[in-house]
1. Restricting attention to segment 24-66, which residues are closer than 24 Å to residue 76 by Cβ and in contact with an Asp or Glu (Cβ under 7 Å, 6 or more places away or on another chain)?
2. Looking only at segment 1-38, which residues are assigned to a loop (DSSP other than H, G, I, E, B) and surrounded by fewer than 10 Cβ atoms within 10 Å (Cβ to Cβ)?
3. Taking only pairs six or more apart or across chains, which ones have beta-carbon atoms under 7 Å, a first residue in segment 38-50 that is assigned by TED's automatic domain parsing to the domain that holds residue 66, and a second residue that is aromatic (Phe, Trp, Tyr) and buried (at least 20 other Cβ atoms within 10 Å of the Cβ)?
4. Does residue 75 meet the test of being outside any helix (DSSP H, G or I) and more than 30 Å from residue 94 (Cβ to Cβ)?
5. Condition first: under 17 Å from residue 8 (Cα atoms) and surrounded by 14 or more Cβ atoms within 10 Å (Cβ to Cβ). Now tell me which residues in segment 41-85 satisfy that.
6. Looking at segment 77-96, can you tell me whether even one residue there is at pLDDT 95 or above and at positive phi?
Amino acid sequence: MAKNHGMAYPILFDESGTVGKAYAATKTPHMYVIDAKGILRYSGAIDDDAFAKKTVAKKPVVNYVNDAIAEIEADTKVTTTKVRPYGCGVHYAKTGKDGNKNRRGRSGQRQGDKEKDKQKETEKDNDKDDDGGN
């Protein structure tokens, strides 16, 4: 996946949110640089250009992730270890006791509840047919 995006280092696609929750990710993107020993070396924003104003103005942008990786590869101390992330808030899917996702539809009703309601309506209709509509 990383090579498809022109990246020379591995990336994680955390669709379930398991890793994001473990590291308390609050924004998307919320970047983490973890070294070969499994030690968290950087956490936060990708760069210092949240609204791309520097990019548009062709000013230099500090890429915290690339800098951290370069410092790790050079076997030096990571200079910037934490920066406040920017972006949209992360919304993790809620899971029930059974481990299944309880996604809510536009009405705010859980998907499973909608299916149960449909089943109840079908049962009521069947009961009416059995009673001759009475």
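1. If the condition is that a residue be closer than 24 Å to residue 76 by Cβ and in contact with an Asp or Glu (Cβ under 7 Å, 6 or more places away or on another chain), then 41, 61, 62, 63, 64 are the ones that fit.
2. Within segment 1-38, 1, 6, 8, 10, 13, 15, 24, 36, 37, 38 qualify.
3. 42/64; 44/64; 45/64; 46/64; 47/64
4. So residue 75 fits the description; yes.
5. If we filter segment 41-85 for residues that are under 17 Å from residue 8 (Cα atoms), which is where we start, we get 46, 63-74.
Within segment 41-85, 46, 63, 64, 65, 66, 67, 68, 69, 71, 72 meet the criteria.
6. Within segment 77-96, none of the residues are at pLDDT 95 or above and at positive phi.
The values are calculated or read from the model by the stated rules, or taken from the named source; none is laboratory data. Please read these numbers as outputs of a predicted model, since none were measured by experiment. We place every Cβ from the backbone using ideal geometry, glycine too, and count neighbours over all the protein chains shown.
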